[in-house]
Number of protein chains: 2
Amino acid sequence: MTTVYAIENQKGGCGKTTTSIQIADYAAHVANKKTLVIDVDPSGNLTKTFLGTEVVKRDLFTFLMNRPKSTEGIDAFQKVDENLYMLGSTKQLNGINMQSDFDAPLMLREALEPFKWLFDVIIIDGCPEITQLTHNLFAAADKVIVPMNPGSYSVMGLADLQNEISFVRKMYNPNLKIHGLLLSNIDKNTKAEQAINEMAKTCCDLLDTKVFDNTVYHTTVINDAQIAGIPIRKYKKSHKVNMVYTELCNEIFKEEGWK
Amino acid sequence: MTTVYAIENQKGGCGKTTTSIQIADYAAHVANKKTLVIDVDPSGNLTKTFLGTEVVKRDLFTFLMNRPKSTEGIDAFQKVDENLYMLGSTKQLNGINMQSDFDAPLMLREALEPFKWLFDVIIIDGCPEITQLTHNLFAAADKVIVPMNPGSYSVMGLADLQNEISFVRKMYNPNLKIHGLLLSNIDKNTKAEQAINEMAKTCCDLLDTKVFDNTVYHTTVINDAQIAGIPIRKYKKSHKVNMVYTELCNEIFKEEGWK
């Protein structure tokens, strides 16, 4: 069974891409599992991080438009490195938001179906707004991870996220689970930390989920790794935040039974 | 002359709303000028900050759809408090992105035209994606302020922003000026600070603009004020970051000749 993880909170700047990178890096290179990452954000930050200046050869928009019916080997995806493959994003992806066929929200799920067996895990980096692409993301996913950070703006939209998930469950994907809330970029021992902890509890009730035990505290190393364009494990393995991400990934993937 | 300031960088979480709040608060309550704020982001975070739990009575979508031809007094806008008025955002605003008439990018500019004389300054909080709303924002603006923060993601999209601004200049608004880049949420004395300073220089060449002298450094007070839902001046007037914002606003509004 391949599990599809969606990283989503429609507020921009809450850590979706950073989280997707760390989780994908862990799955492919620490757990040594065949991993596919999909970038659903037309601005393509995840794509640029994994591909650098390389051209996007296998992009999500083309994949969704063509929906190849047979697996034709691994060539449908772009190899990043050992164990890690991707479907990159391009600006054309905005075109998906113009699709209005009744089955438009199922494009991603149907396109992935013949290829899922090739991977142990699929990780999808989400969108900064609720659009047709978000429908596709949730229709294709098994579990959603919701990054939240301080300030109230990344929390304000959670009621909308809950509405969206309820809608997708009713229409297309009854088993969609909210895997957990991830507290990210939190300043330790501040009013904001207390406030976000309280907000998180309220959100857990609303979303019927839990907060992950491992909190990612604010550290400049995350920005430095982002500027260097590499996962934190490669940027500074010995840094505490790398250990936090490793423990977090153990938590996230606990149910996978990977051997 | 009323100057229209747009706060825009299509990356989410780079500080657009925080910047808009501080600037509007300064204009209305420190400089005592008649100020209109417009929330162009359908997620409505600025609106929630200024209106709290109050209902949005005068929303931007309705205003754009009706485009009242006469000023009918100040009733077209919602009064926040002395000197400060707003056009709030609602989710309906996404409907503007579906408009495809040839003059759809000019809706905001034309709708504002009969009302501009009522205000000394108009501040528009931008969108997290480049859409029809962004065209409207740039077509209506005189000056654009671009917040940038650490990590490379808020910088990566600047080439797209430049393309968009060039397009709008050519089509609708030849005098649109990029007022400056605002370095926001920067960690002092870190690699990220060095990197962002270097990136900012490159961006200034690209965008033919300057970096504002006042940099907003990372402080938890900004998050605390955000959670409290009030401008920093009201939250903690004595804090250094409030003084930084005051100096920044002096810089931003220098050319206004306010008396």
Correct response: the longest run of chain B lacking exposed chymotrypsin sites (Phe, Trp or Tyr not before Pro), defined by DSSP loop and at most 16 other Cβ within 10 Å, is B:103-257
Say the cut-off is 21 Å between C-alpha atoms; which of B:33/B:234; A:33/A:116; B:116/B:237; A:48/A:143; A:16/A:69 go over it?
B:116/B:237; A:48/A:143; A:16/A:69
Kindly give the distances from residue B:202 to its copy-mates, label point to label point, with each label point 7 Å from Cα along Cα→Cβ, as nm values to one decimal ordered shortest first.
4.1
Using alpha carbons only: equivalent-ellipsoid semi-axes of chain A, gyration tensor based, whole Å:
27, 22, 17
For the protein assembly as shown: accessible area per residue (Å², 1.4 Å)
40 Å²
Filter the DSSP H helices in chain B by two things, a Kyte-Doolittle mean of at least 1.6 and an axial alpha-carbon span of 15 angstrom or more, and list the hits by number.
none
With springs only between Cα atoms under 10 Å, which of A:194, A:226, A:132 fluctuates most in a Gaussian network model of chain A?
A:194
Delta accessible area of at least 30 Å² on complex formation, residues of region A:203-229, 1.4 Å probe, chain isolated as reference
A:218, A:220, A:223, A:224, A:226, A:227
For chain B, with all protein chains present and a 1.4 Å probe, just round the carbon and sulfur fraction of the accessible area to a whole percent.
51 percent
Please find the FRET efficiency linking residue A:250 to residue A:58, where r is the Cβ-Cβ separation and R0 is fixed at 25 Å, and quote it to the nearest 0.05.
0.25
Diffusion constant of region A:201-259 at 4 °C, which comes from Stokes-Einstein with the Kirkwood Cα-pair radius and 1.567 mPa s, µm²/s:
98 µm²/s
Where B:184, A:43, B:238 fall by accessible area, highest first, once all protein chains stay in place (1.4 Å)
B:238, A:43, B:184
Residues listed by number, region A:70-103, amide nitrogen under 19 Å from residue A:116 label point at 7 Å toward C-beta:
A:70-74, A:76-77, A:85-87, A:103
GNM result for chain B, Cα springs below 10 Å: residue of B:134, B:62, B:17 fluctuating most strongly
B:62
Which value in nm describes the separation of the simple spin-label points at residue B:189 and residue A:228, placed 7 Å from the Cα toward the beta carbon?
2.2 nm
7 Å along Cα→Cβ for the label point: how many nanometres lie between residue B:237 and each equivalent label in the other copies, listed shortest first?
5.5
Most fluctuating of B:79, B:143, B:240 in the GNM of chain B (C-alpha, under 10 Å) is B:240
The protein assembly as shown, Rg to Rh (Cα coordinates; Rh as Kirkwood inverse mean 1/r):
0.96
From largest accessible area down, sort A:227, A:222; use a 1.4 Å probe on the protein chains.
A:227, A:222
Given 25 °C and 0.890 mPa s, how large is the Stokes-Einstein diffusion coefficient of region A:87-200 in µm²/s, with Rh as the Kirkwood radius over Cα pairs?
155 µm²/s
Here the net charge surrounding residue A:214, from other residues whose Cβ is less than 9 Å away from its Cβ (Lys, Arg +1; Asp, Glu -1), is -3
Among DSSP beta bridges whose residues both lie in the protein assembly as shown, state the antiparallel percentage, nearest 5.
10 percent
Considering all projection directions equally, how large on average is the shadow of the alpha-carbon convex hull of region B:146-217, in square nanometres?
4.5 nm²
Report for chain A the percent antiparallel among DSSP-assigned beta bridges with both residues inside it, nearest 5.
10 percent
Label distances, nm, residue A:90 versus same residue in remaining copies, Cβ-directed 7 Å point
3.9
Rg to Rh ratio, region B:112-167, alpha-carbon atoms and Kirkwood radius?
1.02
Can you give the convex hull volume per residue for the Cα atoms of region B:31-141, as a whole number of Å³?
99 Å³
Between residue B:175 and residue B:98, what FRET efficiency follows from the Cβ-Cβ distance if R0 is 30 Å, with the result rounded to 0.05?
0.55
Taking both sides together, what accessible area is buried at the A/B interface, probe 1.4 Å, expressed in Å² and rounded to the nearest 100?
2900 Å²
Would you be so kind as to list the residues of region B:1-43 that have their accessible area lowered by at least 20 Å² in the full protein complex compared with their chain by itself (1.4 Å probe)?
B:11, B:12, B:13
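The values are calculated or read from the model by the stated rules, or taken from the named source; none is laboratory data. Remember, predicted model here, so these are calculated numbers, not experimental data. A quick note on method: Cβ atoms are made from the backbone with ideal geometry, for glycine too, and the neighbour counts reach across all protein chains shown. The area values use the complete protein model at the heavy-atom level, side chains included, leaving out ligands, DNA and RNA. Shrake-Rupley method; radii C 1.70, N 1.55, O 1.52, S 1.80 Å.
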